[in-house]
Amino acid sequence: MNLADLSTIQNLLAKTGFSFQKSLGQNFLIDPGVCPAMAEAACDERTGVLEIGPGIGVLTAELAKRAKKVVAVELDRRLARILPVTLAECDNVEILYDDVMKLDLKALLSERFSDCERVAVCANLPYYLTSPIVMKLLEERLPLYAITVMVQKEAAERLCAEIGTREAGAVSVAVSYYAEPHILFTVDRTSFLPPPKVDSAVIQLTVRPEPPVTVRDEKQFFQFVKCCFAQRRKTLVNTVSNTAGLGKERIKAALADLDLPDTVRSEQLTLEQLARLCDILYEEH
Ligand code: SAM
């Protein structure tokens, strides 16, 4: 069955009475080139793949051709009438009907992928959950080597932004702390059924064995970074004094320790400078 063929999909959906649920981010891929390219970038025969949101299985089938094993988590139980049919020929795929945000992924990976040399995530993510899913995958320090996901183009640019540039925000800092991010290719909105209002991009986050900077307290660091980027039009001194409740003189002194001017904006700091600034500001006396 050609799952990227529009009339095949429409027939299948009509036969099973399936209707798209916008609140679940259901935009299914109908471009025959996209899933093979994503699967090729994401895995090989040594890899166990966790897919999030298989939909009718268009990406799942391409992953199954290349990976050792695929475990796909789908929230919408209505798809249990479709997936066993569309994936009937794939004997290395398991579907779990569950909410990925509620799953203990560490336990799942060790139970399902102990016979795989390495584990990757590959998915066309439901857009309403992009950042929460990406952050859950990274913050839980799962034994993943890479995360290859389709997200909205703007989200891709933010997630993969280089720290120290205008495009960077708190989420870019968190991503760069845990992984090396790259945009692989963009995907036009017409590649989906129904077409979303914006274009998309496939990004790959290669998970780092160790963060590139050391911080005294990770939780405090990410809280501090959120404060730094909360008021993007203001200088770092004004933003951090407003959002973290620290005195301006103390912030200016910490910036001076790093040879940074009072007028600097958070987006101009490197990851290393943000880490050092946090450590200086919250140093115990
Ligand atoms: N992989 C398919 C494709 O590329 O055509 C479908 C991708 S669609 C953008 C997102 C999928 O994620 C839908 O199948 C949706 O039902 C599923 N989904 C939404 N929220 C989810 C959640 N919390 N846990 C697991 N799956 C979810």
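Every number here is computed from the coordinates shown, using simple stated rules; none is lab data. Remember, predicted model here, so these are calculated numbers, not experimental data. Cβ: placed from backbone, ideal geometry, glycine included. Neighbour counts: every protein chain shown.
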Plugging the Cβ-Cβ distance of ARG141 and LEU258 into 1/(1 + (r/R0)^6) at R0 = 30 Å yields, to the nearest 0.05, a FRET efficiency of 0.60
For region 250-256, take each phi angle, set θ = phi - 60°, evaluate the Karplus expression 6.51 cos²θ - 1.76 cosθ + 1.60, and give the result in whole Hz per residue in order, putting x for glycine and proline. 5, 5, 4, 5, 5, 5, 4
Of all GluC sites (Glu not before Pro) in region 38-132, which ones are in loop regions per DSSP and have a Cβ with at most 13 other Cβ atoms within 10 Å? GLU45, GLU89, GLU117
At 222 nm, what helix-only mean residue ellipticity would the chain give, in deg cm²/dmol to the nearest 500, using -39500 (n - 2.57) for each DSSP H run of four or more? -10500 deg cm²/dmol
Based on alpha-carbon centroids, what's the gap between region 225-247 and region 1-51 in Å, whole number please? 42 Å
Using Cα springs under 10 Å in a Gaussian network model of the chain, which residue among THR130, THR214, THR186 shows the largest mean-square fluctuation? THR214
Applying 1/(1 + (r/R0)^6) with R0 = 51 Å to the Cβ-Cβ distance of GLU272 and TYR97, what FRET efficiency is obtained, to the nearest 0.05? 0.70
Which residue fluctuates most in the GNM of the chain (Cα springs below 10 Å): GLN26, GLN231, GLN152? GLN231
Most mobile listed residue (GLY169, GLY55, GLY17) in the chain, GNM with C-alpha springs under 10 Å: GLY17
For region 201-285, state which GluC sites (Glu not before Pro) are in a DSSP loop and have at most 15 other beta carbons lying within 10 Å of their beta carbon. GLU283, GLU284
For ALA179, list long-range residues whose amide hydrogen, built 1.01 Å from N in the peptide plane, is under 5 Å from its own amide hydrogen. ARG208
Sum up the charges of everything whose Cβ sits under 10 Å from the Cβ of ARG46, counting Lys and Arg as +1 and Asp and Glu as -1, but leave ARG46 out. -1
Which cross-chain or sequence-distant (5 or more) residues have an amide H under 5 Å from the amide H of ARG265, H modelled 1.01 Å from N in plane? LEU236
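Suppose R0 equals 25 Å. What FRET efficiency, 1/(1 + (r/R0)^6) with r the Cβ-Cβ distance, do LYS197 and ARG232 give to the nearest 0.05?
The calculated FRET efficiency here is 0.60.
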Does region 159-226 come out rounded, prolate or oblate by the C-alpha gyration tensor, with a ≥ b ≥ c the root eigenvalues, rounded set by a/c under 1.5 and, if not, prolate when a/b is larger than b/c and oblate if not? prolate
